[in-house]
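Here the structure comes first, spelled out in structure tokens, and everything after it is commentary.
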Amino acid sequence: MTRCDRCFLQTRVCMCDEIPRIDTRTRVLVIRHASEISKPSNSGRLVAAALSNCALLEYGARNQLLDQAPLREPGTWVLFPGGTPVDAPPEPPPRQLVVLDATWTQARRMYQRIGALRGIPVFALPAPATPSKQLRTPPRAETVSTVQAVARALELLEGPEVVAPLDAAYAVMVERSRATSRNPG
């Protein structure tokens, strides 16, 4: 089974032509746990491919330290469920959102272990109104994937028109991933 280098789906269901290029005012900094790198269900990869104002950093790989300097930029907030959920963007809005791309347990651990995250304001989202399609079985009904969390945050910060293409690409990712799990050939 051969995988696409960019979307990491099987080449027979590659979705690279479906990945939009989205310009945002808000910079998104995805910190991906090392265990997520080889997972086709990793949606942080889709965020990084779709958003022009996005950077992807790796965390937890052997003998590789995380560059924490970008976390110290003024106007940085961390998108994490540890704060009070917001229904409207804070004023002034974040210039950069740090997103921890991992399982919920790993993300909690990352949040505790990455020293530069201490003291950064937390941008927490309200629980989703209705459960949506997922690539993985969530630990709780109110949890969402990385791409879904980023989309909801950007929707609050920049409006629904910015994230509609990201939502559409995620739906394609879910559909094609499920198709390969039903028919792995």
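Please work out whether the range 40-121 counts as rounded, prolate or oblate from its C-alpha gyration tensor, where a ≥ b ≥ c are the square roots of the eigenvalues and a/c under 1.5 means rounded, while otherwise a/b larger than b/c means prolate and anything else oblate? In terms of gyration-tensor shape, rounded.
Quick check on the exposure proxy: order Ser35, Ser177, Ser43, Ser52 from fewest to most C-beta atoms within 10 angstrom. Least to most surrounded, the residues fall as Ser52, Ser35, Ser177, Ser43. Based on the alpha-carbon gyration tensor of the range 11-180 and its eigenvalue square roots a ≥ b ≥ c, which shape applies: rounded if a/c is under 1.5, prolate if not and a/b is larger than b/c, or oblate? Since a/c stays below 1.5, the shape of the range 11-180 is classed as rounded. Counting Lys and Arg as +1 and Asp and Glu as -1 over every other residue whose Cβ lies under 14 Å from the Cβ of Phe123, the net charge comes to -1. Across the range 11-180, Cα pairs under 8 Å and at least six residues apart give a relative contact order of 29 percent. A viscosity of 0.890 mPa s and a temperature of 25 °C, combined with the Kirkwood radius over Cα pairs in Stokes-Einstein, give a translational diffusion coefficient for the range 1-41 of 201 µm²/s. Helix 146-158 axis versus longest C-alpha principal axis of the chain: approximately 50°, rounded to the nearest ten. Assuming charge only on the beta carbon of Lys and Arg (+1) and of Asp and Glu (-1), the dipole of the range 11-180 about its Cα centre is about 700 debye to the nearest 20.
Coordinate-derived values only; no laboratory data. Just so it is clear, the model here is predicted, and its values are computed rather than measured. Note that we place each Cβ from the backbone using ideal geometry, even for glycine, and neighbour counts take in every protein chain shown.
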